[in-house]
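Data first, discussion second: the structure below is written as structure tokens.
Every number in this text was worked out from the coordinates using simple rules, so none of it is lab data. Predicted model, so just to flag it, every value in this text is computed and none were measured. Here Cβ is always computed from backbone atoms with ideal geometry, including for glycine, and neighbour counts include all displayed protein chains.
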Amino acid sequence: MEQLLQNIKQCRICEAHLPLGARPVVSAHPDAKIVIIGQAPGTKVHDSGIPWDDASGNQLRKWLDVSVEDFYDATKFAIIPMGFCYPGKGKSGDLPPRKECAPEWHELLFDELKQVELILLIGAYAQKYYLGKSAKKTLTETVKNYNDYLPRFLPLPHPSPRNRFWLIKNKWFDVEVLPTLQARIKELI
């Protein structure tokens, strides 16, 4: 695992397309039981090199009901984005994760992660990649039907402050999904 993580952190496959250059962000340990698959680092995470080191990470930790110490304990949580580097700015937020990363690295990482019991799929990119045809037409439908994917996967919206209107509009998320998520996390850590 250590060699694989070093290889990922030295990856430069798509560097020519990255406005801030390559700085792959990943965290994993063979003992991790939970994998968090998000989109791609934002500029703050690119600068710090620490996954989910931003407002979205603060919200995600609240959803999970875990401490910062537990969240960053790689023996508990592996943190694997769809794109390992900041992809750049788009018209309405960051660009999508680069498509090279997941096919290049995810299978190799999962080969080392033998204890995984739960994979959190955060956002549409992770959900489409891992759920394939079983994903619903929209992220909202996929998240609302989270029970269809348990016990292996639990789809979530992105915890970005930009999604506050989604959260206001979809009150069922707080009532139905978060208690299930928190109970499952408590079982595993």
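How about region 37-93: which trypsin sites (Lys or Arg not before Pro) there lie in a loop by DSSP and see at most 14 other Cβ atoms within 10 Å? Before the final figure, lay out the partial values.
Details: sites: 44, 61, 62, 76, 89, 91; in loops: 76, 91.
The qualifying sites are 91.
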Would you mind telling me the antiparallel percentage of the DSSP bridges in the chain, rounded to 5?
20 percent
Taking alpha-carbon centroids only, region 134-189 lies from region 63-97 a number of Å equal to 16 Å
Please sort by residue number the trypsin sites (Lys or Arg not before Pro) in region 1-37 whose DSSP state is loop and whose Cβ has at most 14 other Cβ atoms within 10 Å.
12
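About the Cα centre, and with charges only on the beta carbon of Lys, Arg (+1) and Asp, Glu (-1), how big is the dipole of region 2-188? Nearest 20 debye, please.
On the way: 25 positive and 22 negative charges, 178 e Å.
Value, rounded to 20: 860 debye.
Suppose only helical runs count, i.e. DSSP H with n ≥ 4. What mean residue ellipticity at 222 nm does that imply for the chain under -39500 (n - 2.57) per run, divided by all residues and rounded to the nearest 500 deg cm²/dmol?
Working: 9 runs with 65 residues, N = 189.
The per-residue figure over the chain is -9000 deg cm²/dmol.
Counting alpha carbon pairs within less than 8 Å and at least 6 residues apart, what relative contact order, in whole percent, applies to region 1-154? Walk me through the numbers before you get to the answer.
Values: 249 pairs, mean separation 43.6, N = 154.
Relative CO of region 1-154 lands at 28 percent.
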So what are the three principal axis dimensions of region 1-136 from its Cα atoms, in whole Å, longest to shortest?
35, 35, 31
At most 16 other Cβ within 10 Å, DSSP loop - GluC sites (Glu not before Pro), region 1-110:
100
Tabulate in residue order the Karplus-calculated ³J(HN,Hα) for region 25-42, using 6.51 cos²θ - 1.76 cosθ + 1.60 with θ = phi - 60°, rounded to whole Hz; enter x for Gly and Pro.
10, 7, 8, 7, 8, x, 8, 4, 9, 10, 10, 9, 10, x, 8, 7, x, x
Determine which lysines satisfy two conditions relative to residue 133: a Cα distance under 23 Å, and not lying fewer than 8 residues away in the same chain.
99, 144
